Amino acid sequence: MAYVISDSCIACGACADGCPVDAIAEGDGKYVIDASKCIECGACADNCPVGAPQA
């Protein structure tokens, strides 16, 4: 299952910067992960300062 970004996202962009497959884009007030591109590597969760990306 692809990662999902929770409402605790502070829209800093750290998750998108760390995504090796460019599956993360800025959404309406928070970042969103394209499930069809996500390879479930966890880089987004490792880079997020608030733990918003969750498996």
Give the residue, chosen from 22, 7, 28, 17, that is open to solvent by 80 Å² or more (accessible area, probe 1.4 Å) and part of a helix (DSSP H, G or I).
17
Which of (1) part of a helix (DSSP H, G or I); (2) on the phi > 0 side of the Ramachandran plot is the odd one out, the single condition residue 51 does not satisfy?
(1)
Tell me yes or no: at least one residue of the stretch 32-55 is at pLDDT 95 or above, hydroxyl-bearing (Ser, Thr, Tyr) and either open to solvent by less than 20 Å² (accessible area, probe 1.4 Å) or under 10 Å from the mean Cα position of the chain (by Cα) (or both).
no
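The values are calculated or read from the model by the stated rules, or taken from the named source; none is laboratory data. What you see is a predicted model; the values in this text were computed from it and never measured. These area figures cover heavy atoms from the full protein model, side chains too; ligands, DNA and RNA do not enter into them. Shrake-Rupley method; radii C 1.70, N 1.55, O 1.52, S 1.80 Å.
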